[in-house]
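The values are calculated or read from the model by the stated rules, or taken from the named source; none is laboratory data. The shown structure was predicted, so the numbers you read here are calculated from the model rather than taken from an experiment. Note that each Cβ is placed from the backbone with ideal geometry, even for glycine, and that neighbours are counted across all protein chains shown.
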Amino acid sequence: MFAVMKTGGKQYKVTSGDVLRVEKLAAEAGETVQFNEILMVGATIGSPMVDGAAVQAEVIDQIKGEKVIHFVKRRRKHSSKRTKGHRQQLTLLRVTEILEKGGDKTGVKAAIGAGSVSGAAVAAAVKAAPKKAAEKKAEAPKAEAKKAAPAKAAKAEGGDDLKQLSGVGPALEKKLHEAGVTTFAQIAAWSADDVAEMDEKLSFKGRIEREGWIEQAKELAGK
């Protein structure tokens, strides 16, 4: 009896006792693994798989395929050449049994590619997803509260909206707050020395006088 099985994205026609090389499996030499993706067993054709069919095989060794040379040459004014070698990692198997039925009840370890994620890992990730979503949802109000905290603090201290001054945006307002300036009255009371100090400290480069902040602050403070 023969079977057509699928592994590593390839199809193999096998009979009991066949030795074949397949894409590397997550198994040690001497282990028995079972292939459950069976497309055909004898005269039975799957749609697309044959239910309950399986192929069992013994792992002989983990090997490497023949070296493949990849050479690239670019014919340009500044030509370049590149040579790369590659040896595919493979698993050497001996087919021990072909099952037409009952493959899902044998308890033999399923053949899984070395680069595949195990079913247990996928199940754990799915199980953890709702928990992570709940944690993220619970953290959202905290983040919003933290974001709103500076604005509330400024309001509690009697701070003004300094963005009403010409040329002052959120970034400059933040710089002023960090320097302890939160009201129009403070800016209106600046002396020439204060202006020079702020220019140097916050790198305003003459913006205070150029934009007329002091005059604007006096008007806004008097409202």
Which of the residues spanning region 3-32 are surrounded by 14 or more Cβ atoms within 10 Å (Cβ to Cβ), assigned to a strand (DSSP E or B) and out of contact with any Asp or Glu (no Cβ under 8 Å at 6 or more places or on another chain)? 3, 4, 12, 14, 20, 21, 22, 23, 25
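Which ones in region 102-115 are surrounded by 13 or more Cβ atoms within 10 Å (Cβ to Cβ) and either under 18 Å from residue 26 (Cα atoms) or among the charged types (D, E, K, R) (or both)?
Hits for region 102-115 are 104, 108, 109, 110, 111, 112, 113, 114.
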What are the residues in region 61-101 that are among the hydrophobic types (A, V, I, L, M, F, W, C) and loosely packed, with under 11 Cβ neighbours inside 10 Å, if any? 68, 69, 71, 72
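To keep it simple, each residue is scored yes or no on (1) within 32 Å of the chain's Cα centre (by Cα); (2) part of a loop (DSSP other than H, G, I, E, B).
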| position | (1), (2) |
| --- | --- |
| 51 | no, yes |
| 62 | yes, no |
| 70 | yes, no |
| 81 | no, no |
| 92 | no, no |
| 96 | no, no |
Verdict on residue 187 being of a type in the set (Val, Ile, Thr), in the same structural domain as residue 160 (by TED's automatic domain parsing) and out of contact with any Asp or Glu (no Cβ under 8 Å at 6 or more places or on another chain): yes
